[in-house]
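Written below as structure tokens is the structure these notes are about.
What follows is calculated from the coordinates using simple rules that are stated; it is not laboratory data. In this text, all values refer to a predicted model and were calculated from it rather than measured experimentally. Cβ atoms come from the backbone with ideal geometry, glycine included; neighbour counts cover every protein chain shown.
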Amino acid sequence: MSRGDPSRKRCAIYTRKSSEEGLEQEFNSLQAQSEACEAYIRSQRHEGWVLARTRYDDGGFSGGNMERPAL
């Protein structure tokens with residue numbers, strides 16, 4: 001699949017947790033969300049899905065507010 005292939009779909013992952021509680025743990029909710037998304041994107045490779053390199057994580061930010069650094 002070439003870079004200009006229209007069937008190629010770059011997929012970004014955005015994770016969020018409304019509180020900072022537990023984010024200091026070695027494995028946390030943001031990582032679990034990211035791993036689940038990565039697995040799904042890999043399962044769709046045959047459809048041209050590829051994972052974007054940049055991660056977008058907002059730990060400790062409410063979903064009720066659009067003012068989030070990674071959004």
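Quick notes on this one:
- Per-region count, the range 38-50, residues exposed (fewer than 14 other Cβ atoms within 10 Å of the Cβ) and among the aromatic types (Phe, Trp, Tyr): 1
- For beta carbons closer than 7 Å, sequence separation of 6+ or different chains, a first residue in the range 28-39 that is within 15 Å of Tyr56 (Cβ to Cβ) and a second that is loosely packed, with under 13 Cβ neighbours inside 10 Å, the qualifying pairs are Ser29/Gly22.
- Selection within the range 2-11 - in a loop (DSSP other than H, G, I, E, B) and surrounded by 10 or more Cβ atoms within 10 Å (Cβ to Cβ): Arg8
- In the range 51-71, the residues that are of a type in the set (Ser, Thr, Tyr) and exposed (fewer than 14 other Cβ atoms within 10 Å of the Cβ): Thr54, Ser62
- Selection within the range 12-37 - surrounded by 14 or more Cβ atoms within 10 Å (Cβ to Cβ) and either farther than 21 Å from Pro69 by Cα or touching a helix residue (DSSP H, G or I) at 6+ places or on another chain (Cβ under 8 Å) (or both): Ile13, Thr15, Arg16, Lys17, Leu23
- For the range 48-64, the criterion of being touching a residue at least 12 places away in the same chain (Cβ under 8 Å), touching a helix residue (DSSP H, G or I) at 6+ places or on another chain (Cβ under 9 Å) and aliphatic (A, V, I, L, M) is satisfied by at least one residue.
- Complete set of residues in the range 43-71 that are over 12 Å from the mean Cα position of the chain (by Cα) and polar (S, T, N, Q): Ser43, Gln44, Ser62, Asn65
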